Amino acid sequence: MAFIERAEERAVLVGAIGPGQDEDEVNEYLDELAFLTETAGALPIKRYIQRIDSPNPRTFIGSGKIGEIASFISEEKIDIAIFDDDLSPSQLRNIENELDCRVLDRTNLILDIFAGRARTSYARTQVELAQYQYLLPRLAGMWTHLERQRGGIGLRGPGETEIETDRRIIREKISRLKEQLKKIDIQMSMQRKNRGKMVRVALVGYTNVGKSTLMNLLSKSEVFAENKLFATLDTTVRKVVVGNLPFLLSDTVGFIRKLPHHLVESFKSTLDEVRESDLLLHVVDISHPGFEEQIKVVNSTLKELGSSDKPLVTIFNKIDAFSYEKKDEDDLTPLSKENDSLEDRKKTWIAAKNLKTVFISATGKENIEELKKILYDEVRQIHITRYPYDDFLYPLIT
Ligand SMILES: Nc1nc2c(ncn2[C@@H]2O[C@H](COP(=O)(O)OP(=O)(O)OP(=O)(O)O)[C@@H](O)[C@H]2O)c(=O)[nH]1
Ligand SMILES: [Mg+2]
């Protein structure tokens, strides 16, 4: 992949604490931004966080802070500044002028990772479309010709030599890509229709929670899994047999906070697999400090896709990596999330939320039999409801 061969660029990360947010929350967001930055192949050197009541229309954060960052950038030879929030085209331009380095916002960073990850021509077309849509309003003064030739984060992807051509050409490209996608969409939906009667199960969840690892485990296949964000971009579908019951299992792109909306748009048909499935397996990384917010993000993304009332099993993964600090008896500081034991978490999530849950470790192969039992029961139930006279195919097992 192109981005691994590139010399590592040095980045500063910039986040803002808005009204009603606290610093811990924004720090967690910046942890994720740092992970995204590393995934894209750059090195996060320093973070800047500023409390703001409302974004500065010119420079997003205050001009004093911008000045402080600018001197650090010139002293430390920083290559890029990455903002956790989306910047307007004019903010982007102003900040680039003042910082005198390349500036990316979260959307552009995610698009860049997607461009590096896209393997099939379908995924490439989707990402390319999203990148052009992002670019169109930002063409003027975004970067110089020279910089593009040198390459770097935010610069890979569609036609690195073509960006400086005018808007008209880009608009034409956008409509051509849309046409192309429409054609592939039709093919893909035909393929899905031809899959017959098998029950369809989809793995969903935040990025990096272990969906592909679980897919590999259940289907004994080799789907790319890696400790990087967005390891998977394309949807893979495999036939899985549990007990004597065959069903289709799909693994798809992970969700993330603030997923750029044009990306969601252009990934619609990748996500059709989720929309058309009979059962969702929501994989959660219970060892992640932000797992509860990740659950919320996934739930709201499912809502956007119109898939929130499908049958769903919540799979809490990575129980092997779970650690907590037990509080000392005379420690009078308030309890925090870190003081929850795995048992406490299990209790809260099983009892209070009325969910079907299972706690597993995909890499440690813990509790996989329990998961398979749940899968068997759920899939069988769906099959029986749908094909009441057809259960000879799947004789009852007691
Ligand atoms: N400790 C631990 N690590 C796990 C477990 N399951 C998966 N991982 C690791 O978590 C990382 C991400 O796994 P993936 O399967 O690629 O996650 P994904 O949800 O498919 O991620 P995206 O495709 O990026 O959305 C990999 O490094 C896995 O080895 C587990 O049960 N325990
Ligand atoms: Mg994956």
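Would you calculate the convex hull of the Cα atoms in region 9-82 and tell me its volume per residue in Å³? Write down the numbers at each step before the final one.
Numbers: hull volume 6.0 nm³, N = 74.
Hull volume normalised by residue count: 81 Å³.
Longer than 20 Å from Cα to Cα, which of Lys239/Lys318; Lys220/Lys365; Lys220/Lys372; Lys183/Lys310; Lys182/Lys211 are they? Say none if no pair is. All intermediate terms of the calculation are to be shown ahead of the outcome.
Numbers: Lys239/Lys318 24 Å; Lys220/Lys365 13 Å; Lys220/Lys372 14 Å; Lys183/Lys310 28 Å; Lys182/Lys211 28 Å.
In this structure, Lys239/Lys318; Lys183/Lys310; Lys182/Lys211 lie more than 20 Å apart at Cα.
Leaving out ligands, DNA and RNA, what percent of the accessible area of region 36-125 is carbon and sulfur, probe 1.4 Å?
44
Lys and Arg at +1, Asp and Glu at -1: add these up for the other residues within a Cβ distance under 12 Å of Asp85 and post the number. Working shown, then result.
On the way: positive: Arg106, Arg257, Lys258; negative: Asp84, Asp86, Asp105.
It works out to a net charge of 0.
Given a 1.4 Å probe, how much area per residue of region 46-124 is accessible, in Å²? Write down the numbers at each step before the final one.
On the way: 3250 Å² over 79 residues.
Per-residue value: 41 Å².
The values are calculated or read from the model by the stated rules, or taken from the named source; none is laboratory data. Since we're looking at a predicted model, the values are computed, not measured. Positions of Cβ are backbone-derived with ideal geometry, glycine not excepted, and every protein chain shown enters the neighbour counts. Each accessible area value is taken on the protein alone, full model and side chains, heavy atoms only, with ligands, DNA and RNA left out. Shrake-Rupley method; radii C 1.70, N 1.55, O 1.52, S 1.80 Å.
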